[in-house]
Amino acid sequence: MGIFYPPEKIGADFLLRTKLDEIIPIEVGTGKKTKSQLTKSINRYNANYGILVSNKCNKIKHDNKIIYMPLITFGFI
C-alpha cells in the first residue's frame, strides 16, 4: 500500500497501490493534458481505472477507464 513512481519514463506520473494490491495510475499536470500516458499505464498495470488531474478540468467526471479531476479537488484529498 502506498505511492510509488513507475520505472518507465513514458507513463503516469505516479502510482497508488491499494490495500487490495490494486494499482491506480495518476497523471497530474497543468495546461492541456492528454490521456495517452495514463492509458499506457492503465494497460501496463491492468488497472481498472486511472485518474487524470488537471487545471483544465472543472468537475469530476468518468469517461471509459479515466476519472478526470480538477487540480483544486485533488489538493483536498
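Values quoted throughout were computed directly from the atomic coordinates according to the rules given, and no laboratory measurement underlies them. Everything quoted here is computed from the prediction, not taken from an experiment. As a convention, Cβ positions derive from the backbone with ideal geometry for all residues, glycine included, and neighbour counts pool all protein chains shown.
Couple of notes before you dig in:
- Maximal additional length on extending the Thr73-Ile3 stretch stands at 23.4 nm, based on 0.36 nm per residue less the C-alpha distance.
- Among the listed pairs Lys9/Lys40; Lys9/Lys56; Lys9/Lys61, those beyond 19 Å (Cα-Cα): Lys9/Lys56; Lys9/Lys61
- Rg and Dmax of the chain, Cα atoms only, in Å: 11.6, 33
- For the chain, excluding the exposed loop sites themselves (trypsin sites (Lys or Arg not before Pro), DSSP loop, at most 14 other Cβ atoms within 10 Å), the longest remaining stretch covers 33-55.
- As computed over region 33-77, the Cα convex hull volume per residue (Å³): 72
- Computed over the chain, the per-residue total of -39500 (n - 2.57) for DSSP H runs of n ≥ 4 gives a 222 nm mean residue ellipticity of -4500 deg cm²/dmol, rounded to 500.
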